[in-house]
Amino acid sequence: MISEHQIDYFEFRQDKEKLEEGGNITIKLNSVKAKNNQLEIKYTFYVEYKQKSGSMTIKGTILADTADAKKGQQLWKKEKKLPDDVSDDVLNEIANFNRVRAAGVLRALRAKIEIVKEPTKPAA
């Protein structure tokens, strides 16, 4: 379970007049440390928008509750893996939290964002 998520650094660059939709997202886990019954996970979330029109970097820290933080830290040092009891929560938190920020940047710059709605079926 994620108990805390903070943003430590934010950088946005617009390299062309118009920021293109879509692009490549990279998530990198930089460090994992045991703190009491939690893992402190430092990460970098990076988006490079299509046609190299811009980029966004977010660095953050997550505190995740785990059954054995010291074993989690050892697993990270040895195999660069997170413990099973936190890995899904951590990666989903990073991806979802920061994708919202990326969408917010696009909206702020008035880039076109299309929301696709599924057609509704009439009630029987």
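Listing for the model above:
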item: Region 1-67: proportion of alpha-carbon pairs further apart than 19 angstrom, %; result: 43
item: Anchor K70: aspartates and glutamates whose Cα lies under 13 Å away (excluding residues fewer than 8 positions away in-chain); result: E40
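Read-outs throughout are calculated quantities, based only on the coordinates presented, and are distinct from any laboratory measurement. All figures in this text were calculated on a predicted structure; none of them were measured in a lab.
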